[in-house]
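*Asks:* The structure is given below, and queries will be raised subsequently.
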Amino acid sequence: MDFKINVKTTYIDIPAEAYFKGNCPKCSSNVLKIRSSYKRVLPDLGAPREQRFIRIKINYYKCETCGCSFSPKHPEYPPKLEYSPSIILYALERYYRDNISGYKIADMLKNAHNVDVSADTIHTWIKQHSDRYLKSIETEKTIKNPESIKTVSIDGTFISAGKDIIGKKKPVVLLSVTKEKNGTYLIMWSEKKV
């Protein structure tokens, strides 16, 4: 087995035709002329010994019917996005699901995925995207048949004190949900004494 640390670089190319259908947004004409083009390069989640980038071809068009100049935008990669959405999602999942700090997430991205991102940028993502991310995972917390649960016990070291207090954690030794005989649910937790 070879354990050399040679990092291979790979690119995923996205042509303009993949996200643009070829019609003028003003008059719907398909008689267009490319004025200029370039490729945006965004870091993507790599793997050990692999550094991955996404190259998006950006074309500037001029409609020959109405004279409108425009550049179509990729729906998943807006113009000011510096990292792929998969990196942002990875950071949010590590923060909320695994209770890992922004500094540790930056270290994990660098060492495990060959992505160099600062902890300050990760903290900015957490502030900007927390509401939408938490709403997206809210359905996962819904219990489909709560009447079938007798006792659920979640044993962990830390739990988030809430989305309003981002970054501050509350120590917890045991968190449990128990169904009472009358059908109500009782949530109990014991705090760790410092």
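The values are calculated or read from the model by the stated rules, or taken from the named source; none is laboratory data. Everything quoted here is computed from the prediction, not taken from an experiment. All Cβ positions, glycine included, derive from the backbone under ideal geometry; neighbour counts span all protein chains shown.
*Asks:* Against the definition (of a type outside the set (Gly, Ala, Ser) and modelled with pLDDT of 90 or more), how does residue 79 come out, yes or no? Break it down stepwise before answering.
*Replies:* Numbers: of a type outside the set (Gly, Ala, Ser): yes; modelled with pLDDT of 90 or more: no.
Against the criterion (of a type outside the set (Gly, Ala, Ser) and modelled with pLDDT of 90 or more), residue 79 does not qualify.
*Asks:* Can residue 107 be described as acidic (Asp, Glu), in a loop (DSSP other than H, G, I, E, B) and closer than 14 Å to residue 45 by Cα? Talk me through it step by step, then tell me what you get.
*Replies:* Values: acidic (Asp, Glu): yes; in a loop (DSSP other than H, G, I, E, B): no; closer than 14 Å to residue 45 by Cα: yes.
When the stated conditions are applied, residue 107 does not pass them.
*Asks:* Select, from 16, 47, the only residue that is of a type in the set (Gly, Ala, Ser) and either under 19 Å from residue 78 (Cβ atoms) or touching a strand residue (DSSP E or B) at 6+ places or on another chain (Cβ under 9 Å) (or both).
*Replies:* Working: 47 fails: either under 19 Å from residue 78 (Cβ atoms) or touching a strand residue (DSSP E or B) at 6+ places or on another chain (Cβ under 9 Å) (or both).
Exactly one residue qualifies, and that residue is 16.
*Asks:* Looking at region 32-58 only, could you name the residues that are more than 26 Å from residue 117 (Cα to Cα) and either among the hydroxyl-bearing types (Ser, Thr, Tyr) or surrounded by 13 or more Cβ atoms within 10 Å (Cβ to Cβ) (or both)?
*Replies:* First pass over region 32-58, keeping only residues more than 26 Å from residue 117 (Cα to Cα): 32-37.
Answer for region 32-58, where residues must be more than 26 Å from residue 117 (Cα to Cα) and either among the hydroxyl-bearing types (Ser, Thr, Tyr) or surrounded by 13 or more Cβ atoms within 10 Å (Cβ to Cβ) (or both): 32, 36, 37.
*Asks:* Need the failing condition index for residue 100 against (1) under 20 Å from residue 9 (Cα atoms); (2) surrounded by fewer than 20 Cβ atoms within 10 Å (Cβ to Cβ); (3) of a type in the set (A, V, I, L, M, F, W, C), just the number.
*Replies:* Among (1) under 20 Å from residue 9 (Cα atoms); (2) surrounded by fewer than 20 Cβ atoms within 10 Å (Cβ to Cβ); (3) of a type in the set (A, V, I, L, M, F, W, C), residue 100 violates only (1).
*Asks:* Which residue, of 87, 34, 58, is within 26 Å of the chain's Cα centre (by Cα), part of a strand (DSSP E or B) and either touching a residue at least 40 places away in the same chain (Cβ under 8 Å) or not assigned by TED's automatic domain parsing to the domain that holds residue 129 (or both)? Walk me through how you get there before you give the answer.
*Replies:* Numbers: 87 fails: part of a strand (DSSP E or B); 34 fails: within 26 Å of the chain's Cα centre (by Cα).
Within the list 87, 34, 58, the selection yields 58.
*Asks:* Which one is nearest to residue 137 (Cα to Cα) among residues in region 90-120 that are of a type in the set (S, T, N, Q) and in contact (Cβ under 8 Å) with a residue 24 or more places away in the chain? Show your work before the answer.
*Replies:* We begin by selecting, within region 90-120, every residue of a type in the set (S, T, N, Q); these are 99, 101, 111, 114, 118.
Still in the running and in contact (Cβ under 8 Å) with a residue 24 or more places away in the chain: 99, 101, 114.
On the way: 99: 15, 101: 19, 114: 27 Å.
Restricting to residues being of a type in the set (S, T, N, Q) and in contact (Cβ under 8 Å) with a residue 24 or more places away in the chain, the top hit is 99.
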